[in-house]
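Have a look at the structure below before the remarks.
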Amino acid sequence: ISIFGLGYVGCVSAACFAKNGHTVVGVDIAAAKRDILMEGRSPVIEKDLDELISEGVRNGRLSAVASAREAIATSDVSLICVGTPSQPNSSLNLQYVDRVCEEIGEALRARKERHVVCVRSTMVPGSTEKVVIPALKRGLGGDLPERVEVAVNPEFLREGTAVHDFFNPPKTVVGSAQAS
């Protein structure tokens, strides 16, 4: 699993998936976040997260890189967990989602195996069709091939209990449709 964005949602997701036995590579442009994670520490404050990250790094299930291409080459699923800060008019700024999706698309050009791109970042309905899929297409240089699937899996993690929430979700929501 490649996880794009090592902020709150990305770190919790990465550590918990590694605890569940998956090999996880986190991707972030911030060298400080990658370095802290590779030292076996959490770049965010959350109960039990330092222990999970330390265990994941120690057993080789959790690592961090700066390159989308490197992460995509070794994963079957990419989770987008980048920030979507509010703009002055209260709408969401999806520029980071757009940029990451384009980078993922570029990396997928070299990959011929099936790959799922799943958005966990906060977005309003319609953002997948208006932002995610067009950015992936730009990166790919054309339409989405059948081997690339797009899904949305919003997170329901509360600060202070996010690790518990991950392992005991009150609900799980996944949406997917064939992109054109």
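The values are calculated or read from the model by the stated rules, or taken from the named source; none is laboratory data. Every value quoted in this text rests on a predicted model; they were computed, and no experiment measured them. Here the Cβ positions follow ideal geometry from the backbone for every residue, glycine too, while neighbour counts run over all protein chains shown. The accessibility values were calculated without ligands, DNA or RNA, using every heavy atom of the protein model including side chains. Shrake-Rupley method; radii C 1.70, N 1.55, O 1.52, S 1.80 Å.
Examine the stretch 29-37 for a residue that is open to solvent by less than 30 Å² (accessible area, probe 1.4 Å), within 14 Å of A14 (Cβ to Cβ) and of a type in the set (D, E, K, R), and state whether such a residue exists.
Let us first name the residues in the stretch 29-37 that are open to solvent by less than 30 Å² (accessible area, probe 1.4 Å), namely 37.
Applying the additional criterion that residues be within 14 Å of A14 (Cβ to Cβ) yields 37.
If we keep only those that are of a type in the set (D, E, K, R) as well, we get none.
Checked against the condition, which is being open to solvent by less than 30 Å² (accessible area, probe 1.4 Å), within 14 Å of A14 (Cβ to Cβ) and of a type in the set (D, E, K, R), the stretch 29-37 yields no hits at all.
Name, by its number, the condition in (1) touching a helix residue (DSSP H, G or I) at 6+ places or on another chain (Cβ under 6 Å); (2) within 21 Å of H22 (Cα to Cα); (3) not hydrophobic (A, V, I, L, M, F, W, C) that does not hold for E103.
Condition not satisfied by E103: (2).
Mind listing whichever residues of the stretch 38-80 are of a type in the set (V, I, T), assigned to a helix (DSSP H, G or I) and open to solvent by 10 Å² or more (accessible area, probe 1.4 Å)?
Let us first name the residues in the stretch 38-80 that are of a type in the set (V, I, T), namely 44-45, 53, 57, 65, 72, 74, 77, 80.
Those still in the list that are assigned to a helix (DSSP H, G or I) too: 53, 57, 72.
Listed by number, the list holds a single entry, V57.
Between a residue in the stretch 138-160 that is more than 29 Å from V12 (Cα to Cα) and small (G, A, S) and any residue that is modelled with pLDDT of 90 or more and assigned to a loop (DSSP other than H, G, I, E, B), which pairs come within a Cβ distance under 9 Å, given they are 6 or more apart or on different chains?
G141/R109
Residue by residue, here is whether (1) at pLDDT below 90; (2) closer than 11 Å to S78 by Cα; (3) open to solvent by 40 Å² or more (accessible area, probe 1.4 Å); (4) among the hydroxyl-bearing types (S, T, Y) holds:
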position	(1), (2), (3), (4)
Q95	no, no, yes, no
E103	no, no, yes, no
A107	no, no, no, no
V117	no, yes, no, no
V124	yes, no, yes, no
E146	yes, no, yes, no
